[in-house]
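The values are calculated or read from the model by the stated rules, or taken from the named source; none is laboratory data. Remember, it's a predicted structure, so these values are computed and weren't measured experimentally. Positions of Cβ are backbone-derived with ideal geometry, glycine not excepted, and every protein chain shown enters the neighbour counts. All accessible areas refer to the heavy atoms of the entire protein, side chains included, with ligands and DNA or RNA removed. Shrake-Rupley method; radii C 1.70, N 1.55, O 1.52, S 1.80 Å.
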Amino acid sequence: MIAARITANWRGNPAEINNISAPIDRRATWRLALIAWLFGSLRWLWLESWIGPVSDYGWPALAIVMGAFDAIFAVVMSRVERGQRFRAWPLAIRCGIILCGCEWFRGRVFMDGYPWFMPAQPLIDFPWLAQGADVIGAAGLGIIPGLISGALASMIEPRQTHWRAGAIATAACVALALSYGFFNSAPVAIDNADMFKVLVIQTNVAQSNKMAPTRAMQQEQFDNAFTATTDALAELKSRSITPDLIAWPETVLPGVGLESDAIMLQREQGLWPADNFTSQLENMVNQCGAPLLVGSGAYEGLRIEGNRYVWKKHFNSGYLLKSGGRHERVDKVVLTPFGETMPYISYWKALEQAMLDFGGRGMEFDLSTGERPRTLSLQAASRRISIAVPICFEDTVSRATRSLVNADDGADVIVNLSNDGWFGSFDPARRHHEQAARWRCVELRRSMLRVVNTGISGAFDTHGARVESSLPSQRSAWMLASLPLERTRTIFATIGDVFSWTMFLASFLMYCFPNIHKSSLRSAGLVASAIVAGFLIVGCSDTKQGKLPSWSSKDQSVSPENDASLSRKFTTKAPIPVSNSSDWARNARLVLDEASRNTDRALRAHSIEAMQYDMTIFEPAVRRGLADREPSVRFVSAMCVAKLRMEGVGPLLEPLKLDPNDSVRAAAILALSRSGADVNPSPLAAMILSPSAELRGNAAMVLGELGNKTALPLLKEATRQPMARANPAAIRIVNLQIAEAMVQLGDQEEIEPVHAALFFRSDQSECIELACEIASRLRDQAALPMLQRLIEADGADIRPIEIRLFAAIAACKIMNPAPLGLAELGVIASRDPSVRVRTLGAKLLGVVGGSETEATLSKLLRDREPEVQIAAAGSILRRQSHSSAAQNTPVQTPAEPVSVDTNHSNIQLPR
């Protein structure tokens with residue numbers, strides 16, 4: 001402002017503008033820029049004084065860099081004031097635009113941004129002024145402090161700065177913000193059923209204990225948090241209160257996380273803590289009935305080299321631990337600049353390490369970025385709730401929290417897990433962290449819960465106002481927070497920080513072209529066009545959060561719209577890493593465990609099905625699968641539980657009776673019935689008569705497995721009920737599934753449609769393949785000659801290799817022992833360029849047996865396609881389980897091979 005006013009004073013003598021004022025203006029501007037830089041750096045030295053104990057050199061370096069933005073603001077204002085183009089604009093408007101643009105440059109653009117101490121952040125304590133953030137964001141509201149300061153500064157020279165017009169514009173903007181806030185800050189009426197009760201556990205672990213913790217320190221850290229939780233639960237139980245969720249802060253769980261391969265590694269090597277902590281937490285969750293959200297490190301590809309741990313990826317994660325040992329995980333997607341990563345510099349590891357040695361000796365930037373934003377889901381008393389979990393400082397980064405809330409099907413509430421132990425005894429930083437985080441509530445209209453080590457933990461409604469008294473800082477404490485659930489889609493949630501980017505662009509153009517020259521008009525247009533084009537390219541290339549590639553049950557499939565297709569399109573997927581161990585059974589377990597955590601839902605579903613021959617890995621995987629966000633994975637998991645008659649999973653299946661997907665509900669009814677629970681199967685009656693081919697087919701499968709013969713009339717009625725929207729291919733598939741169910745219920749005449757399908761033309765391969773699978777599941781000896789004909793036909797009658805493989809697999813399952821002569825077909829298939837053929841070849845080698853095919857299966861386990869690896873891993877475990885059973889080795893394995901019809905279930909399960 002001062003630099004701008006000096007310029008205005010020199011303009012008092014127009015005769016000297018060209019000869020004297022310009023050079024003096026520039027000198028005055030740069031002097032004042034240096035003064036602004038100096039005082040800005042001193043201000044930042046105090047604001048960031050907590051960094052001193054962490055990094056002696058990083059503290060002043062950050063202060064100097066941040067202070068430079070005060071100087072940038074002064075330089076831009078002065079240059080614009082010296083020019084002619086914007087001289088007619090009121091100073092207040094110029095100041096508002098430039099302040100908003102410069103602060104956005106600091107908070108978002110420069111080195112990925114540092115959005116702390118932004119101009120508008122204190123306005124969160126003025127509710128009416130803050131509500132406009134649901135349109136333009138907290139950063140966009142920074143224009144209001146700029147307008148006010150510009151209006152006040154223009155009082156120095158009111159005539160030359162158009163003070164009156166600026167004051168009117170400022171008053172109008174403030175009045176607009178207040179009016180909008182007045183009509184949008186009224187509390188929304190919330191029914192008690194829409195209140196989310198969370199037990200918040202605030203720990204008080206000093207950062208020094210987290211930087212280099214001993215075993216005793218980690219044990220004490222866990223014991224304190226565990227004891228505080230059990231004491232709080234006991235008190236709530238005495239008041240007849242059951243929370244919907246228990247929440248612990250960021251990285252409060254010692255160890256290597258909850259990944260089964262990491263825990264398995266520690267258990268095999270006799271290392272601490274293995275599953276000591278997780279078993280205690282599982283017992284607590286099972287007893288209290290409330291899931292636990294806890295922050296922890298997560299390691300993928302963990303192994304031991306020498307006397308050190310090494311890993312493929314290390315994440316800062318949040319785990320949602322549910323009853324029965326199920327858990328879901330989210331990873332931090334925006335790493336803290338210069339705290340967990342060095343923007344741009346991290347591409348050059350040598351330079352990064354040199355800077356760490358200089359400013360952060362002893363620190364390591366080894367965290368990986370989460371693959372994509374995700375939500376966690378849990379079943380509360382009356383509804384299913386999705387949770388966005390920003391970790392650490394992500395709650396201060398609007399784009400990070402926005403992507404989390406928009407992920408998957410959208411979040412109902414925000415729960416931030418943070419560790420503010422970094423701030424030491426400097427409570428102003430804690431209070432500002434809370435202040436900055438509260439803006440996410442307004443921007444996205446979601447309630448927020450902050451669970452913070454060393455405080456300040458608190459709960460806030462959708463207007464950023466406290467709904468519970470915050471816990472005191474630097475103390476261990478707990479609270480029960482009741483959060484209102486509101487699911488409004490705001491403008492900001494849809495468009496993001498468009499307003500702030502516009503202010504940044506306007507500031508840039510005002511700085512570059514302050515004067516009116518004909519030659520500069522074209523340059524201004526070109527620069528503006530280039531910047532807008534850049535924004536469009538970045539915006540259009542941004543991944544749509546919460547969307548996964550569509551997939552189908554097979555190459556020749558019934559699409560979700562029931563349109564027959566002959567798709568040969570595959571999404572390229574990275575192969576699953578395989579260790580160099582000679583123990584192929586262990587390698588197979590690790591491949592399947594890795595696949596069960598893959599982001600691709602098809603791989604997760606198929607890996608769970610392949611694990612059924614080894615209960616040591618099947619049990620934890622199927623528990624995760626029952627809570628998976630994808631209905632296809634939940635369906636497969638429930639069907640596997642039913643097939644294996646797995647015990648002790650009733651609490652995991654009960655929530656699925658209310659699942660939003662009908663097919664999952666049907667599978668849950670079957671699984672609960674098989675576990676001995678008293679379950680009402682009547683919903684299946686409506687499902688079997690559904691006009692949806694998907695649901696009708698899956699309901700038929702479940703009715704057949706239930707074995708209740710009273711369902712026969714319903715199945716017959718289903719064959720007569722039309723499916724108006726289904727195409728002929730889908731109708732044939734469903735009719736075959738109904739025929740199988742009727743045979744299972746005693747109507748042996750219905751085996752004829754299955755036999756007839758084995759003679760279909762090859763262009764109806766899907767029906768032939770399904771008929772092969774049905775014959776194998778029914779142990780249909782009468783089908784063996786037909787299967788033999790499919791395998792051995794030659795000349796004009798020869799069938800595609802996929803059909804021959806399906807027939808061979810079915811024949812091997814029906815015959816005991818399997819004919820070893822079919823192994824050659826599996827070996828030939830293993831060399832085929834088609835992913836599907838190699839996958840079927842691996843499955844055939846698993847059922848045909850023979851030691852001579854072991855080398856082929858080992859090769860397929862290292863295939864470049866994960867689908868083939870999963871099939872090979874399942875075959876290896878199948879052969880091992882049958883070999884162990886033959887030798888009377890006490891291996892947990894099903895009495896006979898079981899198979900979930902994932903290839904032809906109409907819930908769109910991929911091959």
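The residue list ALA796, ALA823 contains one member that is open to solvent by 20 Å² or more (accessible area, probe 1.4 Å) and of a type in the set (A, V, I, L, M, F, W, C), which is ALA796. Go through region 815-824 and give me each residue that's touching a helix residue (DSSP H, G or I) at 6+ places or on another chain (Cβ under 6 Å) and either modelled with pLDDT of 90 or more or outside any helix (DSSP H, G or I) (or both). Hit for region 815-824 is ALA818, nothing else.
For region 438-457, the set of residues classified as in contact (Cβ under 8 Å) with a residue 60 or more places away in the chain and of a type in the set (A, V, I, L, M, F, W, C) consists of TRP439, VAL442, LEU444, LEU449, VAL451, VAL452, listed by residue number. Each residue in region 831-862 was checked for being surrounded by fewer than 19 Cβ atoms within 10 Å (Cβ to Cβ), within 24 Å of PRO577 (Cβ to Cβ) and of a type in the set (D, E, K, R), and 5 pass.
If you scan region 44-54, which residues turn out to be under 32 Å from the mean Cα position of the chain (by Cα) and not acidic (Asp, Glu)? Within region 44-54, TRP50, ILE51, VAL54 qualify.
Here is a check on your reading of the model: is ALA247 open to solvent by less than 10 Å² (accessible area, probe 1.4 Å) and modelled with pLDDT of 95 or more?
Judged against the criteria, ALA247 is a match.
Among the residues of region 127-148, is any among the polar types (S, T, N, Q) and either more than 35 Å from the chain's Cα centre (by Cα) or part of a helix (DSSP H, G or I) (or both)? For region 127-148, residues among the polar types (S, T, N, Q) and either more than 35 Å from the chain's Cα centre (by Cα) or part of a helix (DSSP H, G or I) (or both): absent. Filtering region 468-488 to residues that are open to solvent by 50 Å² or more (accessible area, probe 1.4 Å), assigned to a loop (DSSP other than H, G, I, E, B) and modelled with pLDDT of 90 or more leaves PRO472, GLN474, ARG475, SER476. Taking the criterion of being in contact with a helix residue (DSSP H, G or I) (Cβ under 8 Å, 6 or more places away or on another chain), closer than 16 Å to TRP439 by Cβ and of a type outside the set (Asp, Glu), the residues of region 395-409 that qualify are THR396, SER398, ARG399, ALA400, THR401, ARG402, LEU404, VAL405. Within the option set ILE263, ILE304, being in a strand (DSSP E or B), at pLDDT below 90 and among the β-branched types (Val, Ile, Thr) holds for one residue only, ILE304. Whether any residue in region 734-757 is within 22 Å of LEU840 (Cα to Cα) and of a type in the set (Asp, Glu) is what I want to check. Within region 734-757, not a single residue is within 22 Å of LEU840 (Cα to Cα) and of a type in the set (Asp, Glu). Pairs meeting the criteria (first residue in region 310-324 and farther than 16 Å from GLN287 by Cα, second residue outside any strand (DSSP E or B) and aliphatic (A, V, I, L, M), beta carbons under 6 Å, at least 6 apart or on different chains) are TRP311/LEU302; HIS314/LEU367; ASN316/LEU367; GLY318/VAL389; TYR319/LEU258. Just one residue in the set ALA151, ALA138 is under 19 Å from GLU443 (Cβ atoms) and surrounded by 18 or more Cβ atoms within 10 Å (Cβ to Cβ); that residue is ALA138.
Residues being open to solvent by less than 30 Å² (accessible area, probe 1.4 Å), modelled with pLDDT of 80 or more and either closer than 27 Å to SER398 by Cβ or among the polar types (S, T, N, Q) (or both) are represented in region 323-330 by at least one member.
Quick check: is even one residue across region 611-626 in a loop (DSSP other than H, G, I, E, B), open to solvent by 10 Å² or more (accessible area, probe 1.4 Å) and over 19 Å from ILE669 (Cα atoms)? The answer is yes; a qualifying residue exists. The set of residues in region 238-259 that are over 28 Å from PHE393 (Cβ atoms) and either without any contact (Cβ under 8 Å) to a residue 24 or more places away in the chain or in contact with a helix residue (DSSP H, G or I) (Cβ under 6 Å, 6 or more places away or on another chain) (or both) comprises SER238, ARG239, SER240.
Within region 742-778, the set of residues being open to solvent by 10 Å² or more (accessible area, probe 1.4 Å) and of a type in the set (Val, Ile, Thr) comprises VAL743, ILE751.
Considering region 340-457, the qualifying strands (runs of 3 or more DSSP E), each wholly inside and each with 3 or more residues that are open to solvent by less than 10 Å² (accessible area, probe 1.4 Å) and touching a Cys at 6+ places or on another chain (Cβ under 8 Å), run over 413-419. On inspection, LEU652 does not qualify as more than 17 Å from SER632 (Cα to Cα) and either among the charged types (D, E, K, R) or open to solvent by less than 20 Å² (accessible area, probe 1.4 Å) (or both). Evaluated against (1) farther than 30 Å from ASN727 by Cα; (2) open to solvent by 10 Å² or more (accessible area, probe 1.4 Å); (3) part of a helix (DSSP H, G or I); (4) among the aliphatic types (A, V, I, L, M), ILE608 falls short on exactly one condition, (2). Residues in region 584-605 that are outside any loop (DSSP other than H, G, I, E, B) and within 23 Å of the chain's Cα centre (by Cα): 11 in all.
Looking at ALA186, ALA169, ALA216, which one is farther than 30 Å from ALA481 by Cβ, among the aliphatic types (A, V, I, L, M) and modelled with pLDDT under 90? Criteria check complete, one pass: ALA216.
Which of the residues belonging to region 677-698 are touching a Ser or Thr at 6+ places or on another chain (Cβ under 9 Å), outside any helix (DSSP H, G or I) and open to solvent by less than 40 Å² (accessible area, probe 1.4 Å)?
Across region 677-698, the qualifying residue is only VAL679.
Yes or no, residue by residue, for (1) without any contact (Cβ under 8 Å) to a residue 60 or more places away in the chain; (2) closer than 26 Å to ILE814 by Cα:
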residue	(1), (2)
LEU695	no, no
ALA726	no, no
VAL734	no, yes
GLN748	yes, yes
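Each residue in region 80-106 was checked for being closer than 12 Å to MET503 by Cβ, of a type in the set (Asp, Glu) and in contact (Cβ under 8 Å) with a residue 60 or more places away in the chain, and 0 of them qualify.
Within region 77-90, does at least one residue satisfy the condition of being at pLDDT 90 or above and more than 20 Å from ALA165 (Cα to Cα)? No; the residues of region 77-90 include none that is at pLDDT 90 or above and more than 20 Å from ALA165 (Cα to Cα). In region 699-716, the residues that are open to solvent by 10 Å² or more (accessible area, probe 1.4 Å) form Cβ pairs under 9 Å with partners that are of a type in the set (Asp, Glu) and part of a helix (DSSP H, G or I), at six or more places apart or across chains, as follows: MET701/GLU740. Apart from one condition, ILE791 fits all of (1) open to solvent by 60 Å² or more (accessible area, probe 1.4 Å); (2) part of a helix (DSSP H, G or I); the exception is (1). Checking each residue in region 574-597 for being farther than 12 Å from ALA873 by Cα and surrounded by 19 or more Cβ atoms within 10 Å (Cβ to Cβ) picks out only SER596.
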